[in-house]
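J.: Could you have a look at this structure, given as structure tokens, before my questions?
The values are calculated or read from the model by the stated rules, or taken from the named source; none is laboratory data. What you see is a predicted model; the values in this text were computed from it and never measured. To get the accessible areas, we keep the full protein, side chains included, count just its heavy atoms, and leave off ligands, DNA and RNA. Shrake-Rupley method; radii C 1.70, N 1.55, O 1.52, S 1.80 Å.
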Amino acid sequence: MIRTALLALAALALTACSMQAMSEARVPADVRAEVNAQIDRLIAGETDFIIDAFPDDAVNPAFREQIARMVANVPEGPALSRRVVGVMGATEQAYSDTQGAVRSGTYNLAYELEFADGFLLVQTAHTLTEDGDCCLLRAINATRSDTSPLYADQKRRASIFKFLAVFIVVSTLATLIILIIRIGGRKARETQMGER
């Protein structure tokens, strides 16, 4: 029974933890700021930062075509919302005799942007430089869809988990109350029988 209650509390804690909060915990602020700035540039049709990140592929027609496809995927008008829908991040500290403490890290972020006429899912991968500074673009992709590709499903799942967690907590408490009443009633009856 205690395990059930702990499971319910864990489910509540899990659903309470949003992707935004997870990104703030796992991805440094400067990396998040850079990713958002790059998304702003992509939405505005600026792609120089992508070409600068991959100079060896700059003259590759397939690479240029992929960039043009990403820009074409951006819906018209301003973004109505921007939500973090995927996070993978790890930061490590290493000590160098010449540089002191230097951080290293790999970060994958996915943002879902809602527009008046559709959604844009932007997925990025970044690493820190050798000096531990922000940051090197390793991959970027932007795909368009008519419906929410991830956020709506995440929200629905969170609602289901919350409902299940509350149900388990309430049913566990009800069971404990019933057991306490039964045990208390039995002891009271035994006490009364003993007094006679």
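J.: Give me, ordered by chain and number, the residues 5 or more places off Leu128 or on other chains with an amide H under 5 Å from its own placed amide H.
T.: For Leu128, the qualifying residues are Gly105, Leu136.
J.: Work out from phi, with θ = phi - 60° and the Karplus expression 6.51 cos²θ - 1.76 cosθ + 1.60, the ³J(HN,Hα) of each residue of region 82-92, listed in order in whole Hz, and give x for Gly and Pro.
T.: Residue by residue, region 82-92 yields 9, 10, 6, 10, x, 9, 9, x, 8, 10, 10 Hz.
J.: Just report the Cα centroid separation between region 12-78 and region 111-157, whole Å.
T.: One Cα centre to the other: 6 Å.
J.: Once a ≥ b ≥ c are taken as the square roots of the eigenvalues of the Cα gyration tensor of region 55-94, is the result rounded (a/c under 1.5), prolate (a/b larger than b/c) or oblate (a/b not larger than b/c)?
T.: Values: a/c = 3.66, a/b = 1.13, b/c = 3.22.
Because a/c hits 1.5 or more and a/b fails to exceed b/c, region 55-94 counts as oblate.
J.: Let me check something: with ligands and nucleic acids excluded, how do Met70, Met19, Met88 order by accessible area (1.4 Å probe), largest to smallest? Don't skip to the end; give the middle numbers.
T.: Values: Met70 5, Met19 55, Met88 125 Å².
Order by accessible area, largest first: Met88, Met19, Met70.
J.: Tell me which residues come under 5 Å, amide H to amide H, from Ala79 once H is placed; ignore anything under 5 positions away on its chain.
T.: The list, which skips near neighbours in sequence, is empty: none.
J.: Pop out the ³J(HN,Hα) list for region 110-119 in order, Karplus 6.51 cos²θ - 1.76 cosθ + 1.60 with θ = phi - 60°, rounded to Hz; leave Gly and Pro as x.
T.: 10, 10, 10, 10, 9, 10, 4, 10, x, 10
J.: For Val102, which sequence-distant residues (separation of 5 or more, or a different chain) have an amide H within less than 5 Å of its own amide H, given hydrogens modelled in the peptide plane?
T.: Close amide H contacts, sequence-distant or interchain: Ala94, Tyr95, Ser96.
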